[in-house]
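The values are calculated or read from the model by the stated rules, or taken from the named source; none is laboratory data. These numbers were taken from a predicted model, which means no experiment stands behind them. A quick note on method: Cβ atoms are made from the backbone with ideal geometry, for glycine too, and the neighbour counts reach across all protein chains shown.
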Amino acid sequence: MQVFRTFEDLAGHSHSVCLAIGVFDGLHLGHQRVIGRARDDARASGGTSVVLTFDPHPMRVLQPKKAPLLLTSTPHKLALMEKLGVDGCLLLTFDKAFSLTPAEQFIDRVASHANHLQEICVGTRFRFGHDRAGDVRLMEKLAPKYGYVAKEIQSVKLDDEMVSSTAIRQHVLHGRLDRAAAMLGRHFSILGTVEPGDHRGRELGFPTANLNRHDEVLPPDGVYAVRVTIGAEQFGGVVNIGVRPTFGEAEPRRVLEVHVLDLARDLYAKDVEVVFLSKLRDEKKFASVDALKSQIAADIQAARKILKSQS
């Protein structure tokens, strides 16, 4: 998948473009429907499918105090998007100046820089331009001028609940990972970068990698069986989320640390995707370090059984 950073980058692309536009936090089933329409139409016509999205999330610029934790950081979103089989992504920087772009001017810039813009696909609730003044009706009004077709893609419902980033975020926060997975069309996952830790796991005999999750939302504290993707490799793993109460730290900090099964090499500064399969237990304070070590060993055995059953 080719990533374009500006409208001018897109202008150099030679094929007719089927475009999907949205924030697409989470790449859930509804987002997949919008992107899938552009992808499939491009394949049918011999064109190019391009997803137009934004970095950072617009809410972080427009209302930073109300901005939610992310389901997918930008690198995570791009990695998931590539798996959907699209040809390219136009990743536009969203800042204060960009937020002032009038809706009609935004469409003009898109249409003027996409070589033969064939169609624009958006979800029913998508809004764009200054003060969110633009919607699919405006796209339809402007379509004859620029020669594209505007396609409004209906939202997805799951058991009478609308599939949305907001709903999935709440399911994750409350530990309803099965429900989140149903809406995502895959297991919930976090893409983090390994950062220096205090080596407590190594001292216990179970080395862990501490992940900077880049503001992605976390499920409740506890221990989870997970799959771990590092580049093209996949491993089993056990994740602990919490404040490690057994050690009684003066200033406890909530961390996400993963023990990767059957892997001994250093992962510092690597990007690691953690895919949550099942919760094993709540985080708890143990009477001794030896008791904690025994429990970790049991957690690993339980995780191996889950991983084997889902292989």
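Please pick out the residue among R43, R39 that is charged (D, E, K, R) and over 20 Å from the mean Cα position of the chain (by Cα).
R43 is the lone residue from the list that is charged (D, E, K, R) and over 20 Å from the mean Cα position of the chain (by Cα).
Can you name every residue in the stretch 1-40 that is more than 21 Å from S73 (Cβ to Cβ) and either small (G, A, S) or buried (at least 21 other Cβ atoms within 10 Å of the Cβ) (or both)?
L10, A11, G12, S14, S16, V17, C18, L19, G36, A38, R39
If a residue must be surrounded by fewer than 18 Cβ atoms within 10 Å (Cβ to Cβ) and either more than 24 Å from R186 (Cα to Cα) or in contact (Cβ under 8 Å) with a residue 12 or more places away in the chain (or both), how many such residues does the stretch 75-91 contain?
Qualifying residue count for the region: 4.
N212 versus (1) surrounded by 17 or more Cβ atoms within 10 Å (Cβ to Cβ); (2) of a type outside the set (A, V, I, L, M); (3) touching a strand residue (DSSP E or B) at 6+ places or on another chain (Cβ under 6 Å); (4) more than 19 Å from E283 (Cα to Cα): which is the lone unmet condition?
That leaves (1) as the condition not met.
Would you kindly identify the strands (runs of 3 or more DSSP E) lying entirely within the stretch 219-293 that contain at least 2 residues that are among the small types (G, A, S) and buried (at least 16 other Cβ atoms within 10 Å of the Cβ)?
Where strands (runs of 3 or more DSSP E) fall fully within the stretch 219-293 and carry at least 2 residues being among the small types (G, A, S) and buried (at least 16 other Cβ atoms within 10 Å of the Cβ), they are 222-230, 233-242.
Going residue by residue through the stretch 144-155, is there one that turns out to be within 30 Å of K279 (Cβ to Cβ) and surrounded by 14 or more Cβ atoms within 10 Å (Cβ to Cβ)?
yes
Being of a type outside the set (F, W, Y) and either modelled with pLDDT of 95 or more or loosely packed, with under 15 Cβ neighbours inside 10 Å (or both) narrows it down to one residue among G205, G197, G201; which is it?
Criteria check complete, one pass: G205.
Please work out which one of (1) without any contact (Cβ under 8 Å) to a residue 40 or more places away in the chain; (2) small (G, A, S); (3) closer than 30 Å to E251 by Cα is the condition A209 fails and give its number.
(1)
Which one of these is within 14 Å of G192 (Cβ to Cβ) and of a type in the set (D, E): E283, E273?
E273
Name the helices (runs of 4 or more DSSP H) wholly inside the stretch 1-99 in which the number of residues that are of a type in the set (G, A, S) is 1 or more.
The qualifying helices (runs of 4 or more DSSP H) are 7-11, 29-45, 74-83, 96-99.
Determine, yes or no, whether Q234 is closer than 29 Å to G30 by Cα, outside the structural domain of L263 (by TED's automatic domain parsing) and free of Cβ contacts under 8 Å to residues at least 12 places away in the same chain.
no
For the structure I just gave you, tell me whether G222 is closer than 17 Å to V194 by Cα and in the same structural domain as A303 (by TED's automatic domain parsing).
The answer is no for G222.
Residue check, S155 against (1) within 17 Å of the chain's Cα centre (by Cα); (2) closer than 18 Å to G30 by Cβ, all met but one. Which one?
(1)
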